[in-house]
Amino acid sequence: MGIKNKAIVTISSVLLFTILVAVSHSQNLGQGAGALVFNVSLGGTQTLSYSIFDGGGAPISYTVSPPQYNPIKNETTPTVTVSPTSGVLQPSQSATVYVTVRMPATNKAGIRWDGIMQVLAATNASNPGGAVIQGGLGKEVIIYSKLPPAPNYGPLLYVIIGIAIAACIVGGVLYAFKFRKGPGGKGKPKYKYVTVKKRVRVKA
Amino acid sequence: MYANSSKLLGGAIVATAAIVTFSILFMVQFGLPLAFAANQIAPNVILTVNVPTVCEVSLSPTTLNFGTVIPSQNTIYTNQNVIDTNNGNGGATIWVYGGNWIGANTALTFGVANTTWATSNTAYGSGHALTQISTSTGVSATPQAPGTVWWGLGIPAGQTANVYSQNIIITNVC
């Protein structure tokens with residue numbers, strides 16, 4: 001085979017290989033492993049986060065959807081919001097997804113909800129007469145309801161105690177000063193009674 | 001006079017003790033240093049690196065063509081599969097869901113459940129109906145071995161002829 005024919009074969013092979021490789025491979029969207037577990041006080045909120053990243057060689061547009069939960073009788077499903085709800089990841093870039101849970105105050109403590117939230121790689125593909133396959137990552141989101149914590153008075157309590165101690169000390173010192181001992185050994189009050197004798201002239 | 005002085009002295013001692021006690025409690029509660037630590041030089045420096053566990057998703061192919069299927073007929077699974085490659089360092093489980101089939105004439109549709117998935121190349125009737133709610137297939141996609149999900153389609157009886165399309169979503173849960 002001549003050099004020219006060899007070149008044609010090589011080019012054709014390269015083109016064919018390129019076409020085969022280019023046939024439908026979605027991007028490498030990745031995330032940290034492990035479920036998100038929330039313990040949320042009744043009437044309170046809690047926020048957790050995790051990372052997603054682009055492990056491939058092309059940008060990935062993505063959307064984020066909060067989890068859906070099956071309803072529980074006599075309980076109100078907690079409100080779950082995610083941020084961001086969409087974005088674009090560049091190759092080797094990561095992003096943080098924040099998940100916030102708000103627990104209704106009317107729920108009981110000790111209830112558990114379990115659902116899957118998703119980060120999907122956007123696709124513009126269309127396939128009339130067939131199906132389009134869209135890839136993504138799922139994250140299990142588990143929520144527990146708990147009783148609110150007892151109030152923490154913090155530094156205010158110590159200030160009050162300090163004032164009370166100081167008041168007791170000052171009062172004790174003043175009391176001791178008031179009833180200080182004089183000659184005779186016994187402490188005298190501040191005031192004393194004085195007997196006044198008055199001479200009266202009576203006409204005989 | 002001496003008794004008076006002793007009372008004042010006793011009061012001063014009690015006051016001092018109370019102030020010192022309160023100060024100690026305050027500093028312990030709020031983490032203030034009670035003493036200044038002497039400069040120390042660690043003999044060794046230890047570095048630690050935490051490598052988190054991650055999973056990825058890469059699907060091939062990203063389109064499925066079932067060809068021409070007449071009403072009341074279904075496809076076999078051969079050649080209709082999607083390979084899920086996980087290039088992370090931790091395993092993942094494959095979950096699936098989808099939407100209804102919608103015709104080029106959008107007034108024409110048929111249900112998502114007419115698409116079925118399976119963990120092997122099996123008959124259409126042995127597959128699981130696809131739903132609009134994400135469902136675990138039980139198939140694992142690990143860094144060592146990709147996962148494969150097989151797909152089939154059945155056309156409802158009497159379905160109007162048209163060109164229909166569907167979206168199928170495959171996610172790796174880790």
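The values are calculated or read from the model by the stated rules, or taken from the named source; none is laboratory data. Being a predicted model, the structure only gives us computed values, none of them experimental. All Cβ positions, glycine included, derive from the backbone under ideal geometry; neighbour counts span all protein chains shown. Side chains are part of the model used for accessible areas, which takes the heavy atoms of the whole protein and leaves out ligands, DNA and RNA. Shrake-Rupley method; radii C 1.70, N 1.55, O 1.52, S 1.80 Å.
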Point to revise | Only listed residue being of a type in the set (S, T, N, Q), within 14 Å of residue A:129 (Cα to Cα) and surrounded by fewer than 19 Cβ atoms within 10 Å (Cβ to Cβ), chosen from B:100, B:121 | key: B:100
Check your understanding: Are any of the residues in the stretch A:70-91 free of Cβ contacts under 8 Å to residues at least 60 places away in the same chain, within 21 Å of residue B:91 (Cα to Cα) and touching a strand residue (DSSP E or B) at 6+ places or on another chain (Cβ under 6 Å)?
Key -> no
Review point. Only one of (1) at pLDDT 95 or above; (2) in contact with a Leu (Cβ under 6 Å, 6 or more places away or on another chain); (3) more than 23 Å from residue B:55 (Cβ to Cβ) fails for residue B:166. Which number is that?
Key: (2)
**Study point:** Qualifying residue in the stretch A:34-55 (condition: free of Cβ contacts under 8 Å to residues at least 24 places away in the same chain, more than 30 Å from residue B:110 (Cβ to Cβ) and within 13 Å of another protein chain (Cβ to nearest Cβ))
**Key:** yes
Exercise for review: Read through the list (1) in contact with a Leu (Cβ under 7 Å, 6 or more places away or on another chain); (2) of a type outside the set (Phe, Trp, Tyr); (3) within 24 Å of residue A:47 (Cα to Cα), then give the number of the only condition that residue A:111 fails.
Suggested key: (1)
Practice item. With the condition kept exactly as written, say whether any residue in the stretch B:147-170 is within 10 Å of chain A (Cβ to nearest Cβ), within 24 Å of residue A:51 (Cα to Cα) and open to solvent by 50 Å² or more (accessible area, probe 1.4 Å). Key: no
Exercise for review: Answer yes or no as to whether residue B:83 is more than 8 Å from every other protein chain (Cβ to nearest Cβ) and modelled with pLDDT of 75 or more.
Suggested key: yes
Point to revise | Which listed residue, of A:171, A:135, A:154, A:130, is surrounded by 15 or more Cβ atoms within 10 Å (Cβ to Cβ), without any contact (Cβ under 8 Å) to a residue 60 or more places away in the chain and within 14 Å of another protein chain (Cβ to nearest Cβ) | key: A:130
**Study point:** Hits in the stretch A:83-94 - residues which are assigned to a strand (DSSP E or B) and over 12 Å from residue A:61 (Cβ atoms)
**Key:** A:83, A:94
Check your understanding: Since residue A:117 meets every condition but one in (1) at pLDDT 95 or above; (2) surrounded by fewer than 16 Cβ atoms within 10 Å (Cβ to Cβ); (3) not acidic (Asp, Glu), which condition does it not meet?
Key -> (2)
Check your understanding: Quick check, is residue B:133 within 13 Å of chain A (Cβ to nearest Cβ) and farther than 20 Å from residue A:135 by Cβ?
Key -> no
